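Student: Supplied in structure tokens, the structure appears directly below.
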Amino acid sequence: MHNPYIPIPVDVTKIVTEVDTNDIKTFRLSFVNKEDEENFKYIPGQFAELSIFGKGESPIGIASSPTQKGYIEFTVQKAGVVTSALHDLEEGARMGVRGPLGNSWPIDYLEGKNIVIVGGGFAFTTLRSMINYMIHDDHRSRFGNITVVYGAREPGLLIYKDELAAWEKRDDIDMYVTVDKGDETWTGREGFVPTVCKEVGPGSENAVTIICGPPIMIRFTLPVFFELGFSKENIYTSLEMRMKCGIGKCGRCNVGEKYVCKDGPVFSLAELDQLTPEY
Amino acid sequence: MLKKIGLEKLNQFVSALMEKETLFAPVKGDAGVNFQEIKDASDVTLDFYNTLQSPKCVFFPQTDDMVRYSLKKGTTEIEEVLLDPEPRIVLGVRPCDVKSFEIMDKLFTGGGIVDPYWENRRKNTTIIGYAFDTVDPTDFYGAFDIHAADTAGSDVFLVKGEKNFLLKVITEKGEKLLGSVDVLEDASAEDEEYFEERLKKGPELKTRTLSLKGVAGKLKDMFGSPYWEKAAAPCLNCGVCTFVCPTCHCFDIQDETLFGEGTRKRIWDSCMFTDFTLEASGHNPRTQKSQRLRQRVNHKFSYYVTNFGVTSCVGCGRCTRSCPVNIDILTVVEEAVESV
């Protein structure tokens, strides 16, 4: 009988420290068994439980794209017991993964539409998965224009810097990377994410926006998109909640009758409006 | 098939069951009667109203080992704890508690990802239900159309008569078990009559009741009501209501390590505790006890109804009997619905 509580063994094959503050790292995990790799079929927006025996498990969004074969990646901020233990690991360490879990970005619905991706700070991980998926040769033609607005407080807090630079060079994706305040070496854009969104002013016709970021950013960004004519059905985001099982059994991540782990984490704004007003 | 055994011969019957399979049955302890795995036949008692804790522990123990691990330098050896393979019997389950298993099946095995621990034990367990012969004033199982001698869900159903225990086979599983227990005698026509009479009289034992019509929706409508603060004011957040409840299923997953050797286990948790939803960032969506009481009541009487089509309560009255400050879930639901 398949046991969904038993983690799949993986090896940490690469660790990248993403930010100047050293508390956000990207972990590349490779499957120990080829069979597990083939069975781990995921879609951008899903998450998994990262498992370190002796410490516990932590639910983290998958930051790699399914178009990247042979490994999966997670970008993790050091916060609690498990993520601290994870940050102490070195390349070559063995750990576990349970997943993929949850729903995903609504790929079928997004097909044929212009996509606006808005990210703030560290909440850019499953958005990165989505971007890499969309710009892959096999998928680029399935989507219309791709606009990305990504901001952080300062240049040293932007994650995936190499990829941001690579995407900037492409002509099939419009990149707007911004920081609240630059430093002496920063030559790019300055300004808050909502302001930049307003300046960029992506059209709402046949377009969907996906927003992830700190609550304050989301609060000020949403009115910009409403003004641009985006309906609540065409604005998506991803929720976070304390989780344990990840499969809708342990009973802690509910908002009303919906469980973030299995009915989410991705919801449209229209769906969020229907949720019990718990938070 | 109806069988019987003298009241004084309970021991022999229990021993016969123990010879066949692992047996769980009510045992009297210091605080009251509870279900336990039986090692000594004389421990078993059938003289009780209902157990302090529910029999959910037979399928969903308070702690359940999932993985054993050994942290070695540079590597971790892990070993999956195998699912209990042996068949088991649970003796003396009251009708409302039998019903609770079916409600929990919907979550653990019905649709979505199957929980192997629950499913495996459910499949391997024969349930001997046990008719109530009195009513406790806290019970309200009548609200869920369960009656004192309801055989639904039991494999064998037990009625305590004046001189004998009468046992009726309900399912094939029950027949397989009872057919091979030779300490039992065949019941007489008179016994048959008595047994049928007891089943018929089940609904006459009246519990408190509650109209469930529209409750799920009304609870949603009054979600933001100040009523919850009033209802939760005396609550101590001790969580006993969730621990004695036959349908509370929330759990935690914890690693317990000592000198590099450890076990990953799942452990009952409780939505009454403030750290139930505490996140690593320090954010906690349910800091107020009114939010937590509302969660417990709504989970049972609204969310579960929406998700699985059934109320996650059987009216066993345990939470009311155990609550140190006399919070009664039936009264709370009634008052909440009236406050709309």
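Here, each number is a calculation from the coordinates, and none is a lab measurement. This one's a predicted model, so the numbers in the text were calculated from it and none came from an experiment. Heads up, the Cβs are rebuilt from the backbone with ideal geometry, glycines too, and the neighbour counts pull from every protein chain shown.
Student: I want to verify a result. In a Gaussian network model of chain A, Cα cutoff 10 Å, which of these has the top mean-square fluctuation: A:ASP162, A:ASP23, A:ASP180?
Tutor: Per the Cα network of chain A with a 10 Å cutoff, A:ASP162 tops the list.
Student: While we're looking at this one, here's another question. Over every pair of different alpha-carbon atoms in segment A:115-172, take the mean of 1/r and invert it; report that Kirkwood radius in Å.
Tutor: After inverting the pairwise mean of 1/r, the radius is 12.0 Å.
Student: Another question about this same structure. Would you calculate a helix-derived [θ] at 222 nm for chain A, using -39,500 (n - 2.57) for each DSSP H run of n ≥ 4 and dividing by the full residue count, to the nearest 500?
Tutor: Only helices count here, giving -6000 deg cm²/dmol.
Student: Also, quick follow-up: How many angstrom lie between the C-alpha centres of segment B:58-137 and segment B:154-220?
Tutor: Going from one Cα centre to the other spans 23 Å.
Student: Another question, then. Can you find, among B:CYS250, B:LEU23, A:THR83, the residue farthest towards the positive end of the dipole of the protein assembly as shown? Put +1 on the C-beta of Lys and Arg, -1 on that of Asp and Glu.
Tutor: Most positive-ward Cα: B:CYS250.
Student: Going through the cross-link list B:LYS56/B:LYS106; B:LYS39/B:LYS163; B:LYS3/B:LYS200; B:LYS3/B:LYS39; B:LYS20/B:LYS173; A:LYS25/A:LYS181, which pairs have a Cα-Cα distance over 21 Å in this structure?
Tutor: From B:LYS56/B:LYS106; B:LYS39/B:LYS163; B:LYS3/B:LYS200; B:LYS3/B:LYS39; B:LYS20/B:LYS173; A:LYS25/A:LYS181, over 21 Å: B:LYS39/B:LYS163; B:LYS3/B:LYS39; A:LYS25/A:LYS181.
Student: How would segment A:62-200 be classified by its alpha-carbon gyration tensor: rounded, prolate or oblate, with rounded meaning a/c under 1.5 and the a/b versus b/c comparison settling the rest?
Tutor: oblate
Student: Relative contact order of chain B: what whole-number percent is it, with Cα pairs under 8 angstrom and at least 6 residues apart?
Tutor: Relative contact order comes out at 21 percent.
Student: Can you compute the label reach from B:VAL340? Point 7 Å from Cα along the Cβ direction, backbone N cut-off under 16 Å, restricted to segment B:215-254.
Tutor: B:215-228
Student: If the elastic network links every pair of Cα atoms under 10 Å, which of A:ASP11, A:ASP183, A:ASP172 fluctuates the most in the Gaussian network model of chain A?
Tutor: A:ASP183
Student: Could you please report the charge total around B:PHE101, scoring K, R as +1 and D, E as -1 over all other residues with beta-carbon less than 14 angstrom from its beta-carbon? Before the final figure, lay out each step's value.
Tutor: Values: positive: B:LYS56, B:ARG88, B:ARG94, B:LYS99, B:LYS106, B:ARG121, B:ARG122, B:LYS123, B:LYS173; negative: B:ASP97, B:GLU102, B:ASP105, B:ASP115, B:GLU119, B:ASP150, B:ASP155.
Around B:PHE101, the charge tally is +2.
Student: When N is the residue count of segment A:130-279, what does its C-alpha Rg come to as a fraction of 2.2 N^0.38 Å?
Tutor: Here the answer is 1.16, to two decimals.
Student: Could you estimate the translational diffusion coefficient of the protein assembly as shown from the Stokes-Einstein equation, with Rh from the Kirkwood formula over C-alpha pairs, at 25 °C and 0.890 mPa s, in whole µm²/s?
Tutor: The diffusion coefficient I find is 90 µm²/s.
Student: To continue, here is another question. Mind giving me the nanometre distance, one decimal, between the label points for B:GLN288 and A:ASP137, set 7 Å out from Cα along Cα→Cβ?
Tutor: 5.8 nm
Student: What ranking do A:SER51, A:SER238, A:SER141, B:SER15 get, fewest neighbouring Cβ atoms within 10 angstrom at the top? Write down the numbers at each step before the final one.
Tutor: Values: A:SER51 27, A:SER238 24, A:SER141 8, B:SER15 17.
Arranged by neighbour count, lowest to highest, A:SER51, A:SER238, A:SER141, B:SER15 become A:SER141, B:SER15, A:SER238, A:SER51.
Student: Can you pull a Stokes-Einstein diffusion coefficient for segment B:1-122 at 10 °C (1.306 mPa s), Rh from Kirkwood over Cα pairs, as a whole number of µm²/s?
Tutor: For the chosen part, D equals 95 µm²/s.
Student: Follow-up. Can you give me the relative contact order of chain A as a percent, contacts being Cα pairs under 8 Å and 6 or more apart?
Tutor: 18 percent
Student: Got a sec? How would B:PHE101, B:PHE35 order by Cβ neighbour count within 10 Å, fewest to most?
Tutor: Final ranking by Cβ density, sparse to dense: B:PHE35, B:PHE101.
Student: Indicate the gyration tensor shape class of segment B:238-320 (rounded, prolate or oblate), computed on the Cα atoms with a ≥ b ≥ c the square roots of the eigenvalues: a/c under 1.5 is rounded; otherwise a/b larger than b/c is prolate and the rest oblate. Working shown, then result.
Tutor: Numbers: a/c = 2.13, a/b = 1.52, b/c = 1.40.
Verdict is prolate for segment B:238-320.
Student: Would segment A:8-101 count as rounded, prolate or oblate if I go by the C-alpha gyration tensor, calling it rounded below 1.5 in a/c and otherwise prolate when a/b exceeds b/c, oblate otherwise?
Tutor: It is prolate, given that a/c is not under 1.5 and a/b is the larger ratio.
Student: Here is a further query. Within chain B, which is the longest segment containing none of the trypsin sites (Lys or Arg not before Pro) that sit in a DSSP loop and have at most 15 other Cβ atoms within 10 Å?
Tutor: Longest gap between qualifying sites, sites excluded: B:214-340.
Student: Just name one of B:GLN291, B:SER225, B:GLY317: the one whose Cα is farthest towards the positive end of the charge dipole of segment B:185-333 (beta-carbon charges, Lys/Arg +1, Asp/Glu -1).
Tutor: B:SER225
Student: Calculated from DSSP H runs of 4 or more alone, at -39500 (n - 2.57) each and per residue, what is the 222 nm mean residue ellipticity of chain B, nearest 500?
Tutor: Mean residue ellipticity at 222 nm (helix-derived): -8000 deg cm²/dmol.
Student: Please state the relative contact order of segment B:245-330 as a whole percent: Cα pairs under 8 Å, 6+ residues apart? Write down the numbers at each step before the final one.
Tutor: Values: 80 pairs, mean separation 17.4, N = 86.
This gives 20 percent for segment B:245-330.
Student: Return the single residue from A:PRO265, A:PRO215, A:PRO66 with maximal mean-square fluctuation; model: Gaussian network over chain A, springs between Cα atoms under 10 Å.
Tutor: A:PRO215
Student: Once you have all Cα-Cα distances for segment B:121-181, histogram them in 5 Å bins from zero and send the whole-percent values.
Tutor: Spelled out per bin, shortest first, that is 4, 17, 24, 21, 17, 12, 5, 1.
Student: Something else now. Could you tell me how far the Cα centroid of segment A:62-88 sits from the Cα centroid of segment A:156-197, in Å?
Tutor: Between the Cα centres of segment A:156-197 and segment A:62-88 lies a distance of 23 Å.
Student: Another question about this same structure. Please work out the FRET efficiency for the pair A:ALA79 and B:GLU193, using the Cβ-Cβ distance as r and a Förster radius of 56 Å; give the result to the nearest 0.05.
Tutor: 0.25
Student: What number results when the radius of gyration of chain B, computed over Cα atoms, is divided by 2.2 N^0.38 Å?
Tutor: Here the Cα radius of gyration is 1.07 times the empirical estimate.
Student: If you average the alpha carbon positions of segment A:20-56 and of segment B:16-57, how far apart do those two centres end up, in angstrom?
Tutor: 44 Å
Student: Just how large is the dipole of chain B about the Cα centre, in debye to the nearest 20, putting +1 at every Lys and Arg Cβ and -1 at every Asp and Glu Cβ? Don't jump to the answer; show the numbers that get you there.
Tutor: Details: 42 positive and 52 negative charges, 220 e Å.
Charge dipole, chain B, about its Cα centre: 1060 debye, nearest 20.
Student: When A:GLU190, A:GLU49 are ordered from fewest to most other Cβ atoms inside 10 Å of their Cβ, what list results?
Tutor: Ranked by crowding around the Cβ, least crowded first: A:GLU190, A:GLU49.
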